[in-house]
1. Could you grab the relative contact order for the chain? Cα pairs under 8 Å, six or more apart, rounded to a whole percent.
2. First check a/c for region 38-145, with a ≥ b ≥ c the square roots of the eigenvalues of its C-alpha gyration tensor; if it is under 1.5, answer rounded, and if not, answer prolate when a/b is larger than b/c or oblate otherwise.
3. State, as an integer percentage, the relative contact order of region 173-228 based on alpha-carbon contacts under 8 Å between residues 6 or more apart.
4. Can you tell me what the convex hull of the Cα atoms of the chain projects to on average, as an area in nm²?
5. Could I have the simple spin-label model distance between residue 255 and residue 304, label points 7 Å from Cα toward Cβ, reported in nm to one decimal?
6. For helix 454-477, what angle does its Cα long axis make with the longest principal axis of the chain, in degrees from 0 to 90 and rounded to 10?
7. Do the sum for the chain: with -39,500 (n - 2.57) for every DSSP H run of n ≥ 4, divided by all residues, what is the mean residue ellipticity at 222 nm, to the nearest 500 deg cm²/dmol?
8. Angle between the Cα long axis of helix 481-491 and the longest principal axis of the chain, 0 to 90 degrees, nearest 10?
């Protein structure tokens, strides 16, 4: 009996010891979590205000870039319709090929590195990004210089094709400045330094308008009619380099905003491992953008078959969607900045909060905008024209158009969450499935077997974007934020303790 009692006491002591050990281990884990998340998270209201403060300069910068292209179109529209057609052909080809050096993946790596307390790695990835995109820019340069041959192959008018070739050939000399400006802008904005891109973009917009008026139209010089079409791409190239010079001279050379993260170019820091890390995120993101652009081009071709008036309404209404996209994109990119930094800090709950608040704010904007379009579609149509036929056709398609606008922009907002986690490969395949397995077939089926008009076209588009929102939502809701915080810290070359 004594032996049995002693055994029971030993067993009880063993259980107590195991319990104490588990408690101590739990305390250590809790202490580690607290040490990794020692910053108190902002309230929902504070989070929303912070996102708004970041979104405003992003919105201004993006509006400035759109304004530059709109200015070029308006200037050439005052010269001749032939010049406008040539610039349109040039833009279509250059935008198709420019996507391979697009993608803002540098912000994901810079934000995580800064958040993880390894700011010098942010500067290293700036260099890596310039090297990778510089290599891709060579392909884009060659493609832009083949614009004339491309459009001749497609059967376009030889004279207009030659003019488009000249326009794109001149613009190709702006490619180095485009790459450098975008990378420096992403480098700063990922650190929550927003004013370099905003101010430089506003300088570019102002100069593009002023120089365009003088050299393209000859205004306000009496007796001087300007150099018209010949000068337009030259002005754009000059302004692009002035933008870059403004950013470099003011914010790097004078204010030295780069020094905390980047001390200057060092080839030894550009390793194959870091190039591989960058490319694993970058190429799926670039191909996703390319797929989206080519999908829109296919839908535009389908719209062209509906008739001249239908395609005119489609092209104009798409501008309304892009205006909404600028607003929602600014909001979602602002929340993505906070997500990347907090994932690097090993603050998964904080990253989740930033992502969800960003989606809520984007949804609120889209709800208000969609309600206005449904109730007063003529307000938005009159932004571009007073033609009664145009306004009537736009009003007839306002319901599916509104759903298309809502789901397209909501998809962009949700996409920022897995994008900030570095899940660009998942986003590519998801977007590819929704685009080419959902939206394009939906548009074809709706226009060929239901309604051969804009109502059918936008219904098919809304189905595809709705499918995309569902797929993105599934990816987001099933994401393990703790796991992706650890992955972000590993990319930031910070040891996990």
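Computed from the coordinates by the stated procedures, all read-outs in this text should not be read as laboratory data. Given the structure is predicted, the values throughout are model-derived calculations rather than measurements. Methodologically, a virtual Cβ is constructed for each residue, glycine included, from the backbone with ideal geometry; neighbour enumeration extends over all protein chains shown.
1. So the answer I get is 20 percent.
2. Note, shape of region 38-145 comes out oblate.
3. So the answer I get is 16 percent.
4. Projected over every direction and averaged, the Cα hull of the chain covers 31.2 nm².
5. Those two pseudo-labels are separated by 4.4 nm.
6. Rounded to the nearest ten degrees, it is 20.
7. -26500 deg cm²/dmol
8. The helix 481-491 is inclined about 80 degrees to the chain.
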